[in-house]
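Asker: The following block contains the structure, expressed as structure tokens.
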Amino acid sequence: MEKFTKESLAKFDGKNGNPAYVAIDGVVYDVTGNPHWAEGEHHGNLAGQDLTVAIGQSPHGKSVLGNLKEVGTYEG
């Protein structure tokens, strides 16, 4: 699995044909093609970032993570 830093993860923002990745609790997930993540955005949250705090505040919480592909680890 690939290791991501804040800088390397930022490249995966879901814009201009780039894949969309998000980090949560040190794991990087691929949200590319997920209809909830059109253009790398989901309810004001942006792909290419650590969204650990945001997912903790979301109505669904971490329950959606099991449906996503893990692509690496995050060492912000």
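Asker: Can you tell which of 22, 71, 53 is without any contact (Cβ under 8 Å) to a residue 40 or more places away in the chain and touching a Phe, Trp or Tyr at 6+ places or on another chain (Cβ under 7 Å)?
Answerer: Every option except 22 fails the conditions.
Asker: Further question: Identify, from the list 6, 62, the residue that is modelled with pLDDT of 95 or more and either among the basic types (Lys, Arg) or more than 19 Å from residue 73 (Cβ to Cβ) (or both).
Answerer: It is 6.
Asker: May I pose another question? Quickly run through the range 14-43 and pick out the residues that are of a type in the set (S, T, N, Q) and either exposed (fewer than 13 other Cβ atoms within 10 Å of the Cβ) or at pLDDT 95 or above (or both).
Answerer: Within the range 14-43, 16, 18, 32 qualify.
Asker: Quick one: would you say residue 76 is assigned to a loop (DSSP other than H, G, I, E, B), among the small types (Gly, Ala, Ser) and in contact (Cβ under 8 Å) with a residue 12 or more places away in the chain?
Answerer: yes
Asker: In the range 11-35, which residue that is out of contact with any strand residue (DSSP E or B) (no Cβ under 7 Å at 6 or more places or on another chain) and part of a loop (DSSP other than H, G, I, E, B) is nearest to residue 53 (Cα to Cα)?
Answerer: By that ranking, first place goes to 25.
Asker: Give the residues of the range 1-13 that are surrounded by 18 or more Cβ atoms within 10 Å (Cβ to Cβ), without any contact (Cβ under 8 Å) to a residue 40 or more places away in the chain and either of a type in the set (A, V, I, L, M, F, W, C) or closer than 16 Å to residue 67 by Cα (or both), sorted by residue number.
Answerer: Correct list: 12 only.
Asker: Do we find that residue 62 is among the basic types (Lys, Arg) and part of a helix (DSSP H, G or I) in this structure?
Answerer: Considered against the rule, which asks whether it is among the basic types (Lys, Arg) and part of a helix (DSSP H, G or I), residue 62 comes out as yes.
The values are calculated or read from the model by the stated rules, or taken from the named source; none is laboratory data. For clarity, every value in this text was computed on a predicted model and none was experimentally measured. All Cβ positions, glycine included, derive from the backbone under ideal geometry; neighbour counts span all protein chains shown.
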